[in-house]
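No value in this document is a laboratory result; all are computed from the given coordinates. Remember, predicted model here, so these are calculated numbers, not experimental data.
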Amino acid sequence: MYKSITLAILSGLLLWVSAVAGNLNSADPLQLNDRPGIKTISDFDGEKLVYDISFLWFKHAAEGITIFQQYKGGCVARLTAETKGFIGFTTGYVKHFYMSHMKMVGEDIGLQPYLFEKNIIYKEREEKTITSLDYENRIRSWSKTKKGKITEEKSEPIPLPIVYYDILSTLYNFRTSYYGEIQKGKDFLIHAIPEKNESEILIHVGTREEELKFKNEENIEDSEGYFLIIKVPKEIFKTKRGEVLIWGNKEFLPLKVIVRDYIGFGDVRATLREVVKVGYKM
């Protein structure tokens, strides 16, 4: 059950962040501050997103938080997702933590990750994966740890001219159009950190027809914005098809996220609840 929670949050992160709300049918109003629309990476500094997550018949069963912050020489993006209340008790109060360390390389590459950390804690079991991307020597190295013991430690060359992106760096690069101008009907192919022989993220910006069909199925009020159909390596979210559907407003704010066919749980939904700006010190 705990994997489904991470599924919804991470899929939400394949979206973008901004500060102007769109119209989405929801029982709870979205809380936003008065920040202007984001246009550059620097505008993300200190931005915090809070998500409510539901799956099966459990509503608001978990909470996810993402924060993006700059420091001297680079940026860091963090994602924390954990169950709460009764569902937290029944799942052992699971906590998932993800962190991407990035640096700005240029307009053609944008934010380039050089270290990606994933840590999953379930009761007394802990699984941790660290991936290092060394572009000077073009080597990808990774290690996996379970219960404090290293279970895998490998490295392999990074083929020219490929640049690998993790989920968090993909989020912020896409948000600021580093992969190209965002237009309805357009496709974006991104090289992802390999997961079981899959290493591509395909983002399709839905046409008007695809958008209306999705809104009708999900009872979303028609307003200006973007509908995304995203294909990711299935291992990332443990899904049958690796498909994520997202509705965001015209300012690229992720309002509704659906992960299709999570194994054993069907569709998982995440709803953005709040956007705030926080202070941070490295």
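Could you tell me whether the range 81-153 comes out rounded, prolate or oblate from its Cα gyration tensor? Rule is a ≥ b ≥ c as square roots of the eigenvalues, rounded for a/c under 1.5, then prolate if a/b exceeds b/c, otherwise oblate. Please report the intermediate quantities before stating the final value.
On the way: a/c = 6.27, a/b = 1.79, b/c = 3.51.
Because a/c hits 1.5 or more and a/b fails to exceed b/c, the range 81-153 counts as oblate.
With the Cα gyration tensor of the range 139-182 giving a ≥ b ≥ c as the square roots of its eigenvalues, does the rule (a/c under 1.5 for rounded; else a/b larger than b/c for prolate; else oblate) give rounded, prolate or oblate? It comes out oblate by the Cα gyration axes. Residue-wise HN-Hα couplings along the range 73-80, as the Karplus relation 6.51 cos²θ - 1.76 cosθ + 1.60 with θ = phi - 60° gives them from phi, are x, x, 9, 9, 10, 10, 10, 10 Hz; Gly and Pro carry x. Going down the table (K84/K186; K123/K154; K128/K186; K59/K128; K72/K240; K184/K234), which pairs top 30 Å between alpha carbons? Those over the limit are K84/K186; K128/K186; K72/K240.
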